[in-house]
Amino acid sequence: MSQERAILVAYDGSEIARRAVSWAIQLAKALGAKLYVLYVVNVPPEVRAFLTAGTILNEALKSGMKVLEQIKPDLDKEGVRYDLVVEIGDPGEKIVEFADKINADLIVMGHRGLSGIKKLLVGSVCDKVIKCSNRPVLVVK
Ligand SMILES: Nc1ncnc2c1ncn2[C@@H]1O[C@H](COP(=O)(O)OP(=O)(O)O)[C@@H](O)[C@H]1O
Ligand SMILES: [Mg+2]
């Protein structure tokens with residue numbers, strides 16, 4: 001039996017990322033794929049060292065889940081199979097790593113996100129994923 005298709009959408013709570021989620025939902029439905037919605041709690045490396053199994057880690061995971069819960073109604077309404085995933089670390093790196101872990105057929109993300117800095121063609125997280133992942137990336141505007 002062939003492996004189930006998987007689509008990864010990166011969500012940071014921004015309006016553009018929400019549009020990326022809408023696209024990912026429609027694609028998952030059309031392809032019969034499972035959707036993984038990933039939010040990365042951006043914790044700088046020097047702070048990460050203190051994030052041992054304690055309360056701070058739990059708080060970070062909880063705050064991440066809150067961000068993902070914003071889009072739960074959209075996902076439930078569309079009846080698509082999905083998982084909500086929170087990771088902690090560098091967003092670009094974690095998105096690339098997680099896509100490999102689930103063997104994603106496609107990564108969907110916004111061209112910009114929360115910072116919305118317009119100097120570069122795309123935001124820095126988007127840029128890193130396009131450069132570092134060898135998987136197809138759909139950049140939603
Ligand atoms: N912390 C994050 N967790 C998950 N996805 C993210 C995160 N940060 C950014 N993204 C994804 O990358 C896209 C582009 O964001 P980004 O490159 O950070 O641009 P900006 O500099 O405007 O914030 C977002 O629309 C979202 O899909
Ligand atoms: Mg950003």
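The values are calculated or read from the model by the stated rules, or taken from the named source; none is laboratory data. Since the structure is predicted, the reported quantities are computational estimates derived from the model, not experimental observations. Reconstructed Cβ throughout: ideal geometry from the backbone, glycine too, with neighbour counts over all protein chains shown.
Some notes on this structure:
- Where a residue in segment 89-112 is of a type in the set (Gly, Ala, Ser) and its partner, wherever it lies, is within 15 Å of ligand 2 (Cβ to nearest atom) and not in a loop (DSSP other than H, G, I, E, B), with Cβ under 6 Å and at least six apart: GLY92/VAL125; GLY92/LYS128; GLY92/VAL129; GLY110/ILE16; GLY110/ALA17; GLY110/ALA20; GLY110/VAL140
- All conditions but one from (1) modelled with pLDDT of 95 or more; (2) surrounded by fewer than 16 Cβ atoms within 10 Å (Cβ to Cβ); (3) within 12 Å of ligand 1 (Cβ to nearest atom) apply to ASP83; the one that does not is (3).
- Taking the numbered list (1) under 16 Å from the mean Cα position of the chain (by Cα); (2) within 16 Å of ligand 2 (Cβ to nearest atom); (3) not acidic (Asp, Glu) in turn, LYS118 passes all entries but (1).
- In segment 1-17, the residues that are of a type outside the set (S, T, N, Q) and free of Cβ contacts under 8 Å to residues at least 60 places away in the same chain: MET1, GLU4, GLU15
- Number of the condition not met by ALA30 [criteria: (1) within 10 Å of ligand 1 (Cβ to nearest atom); (2) farther than 25 Å from LYS62 by Cα]: (1)
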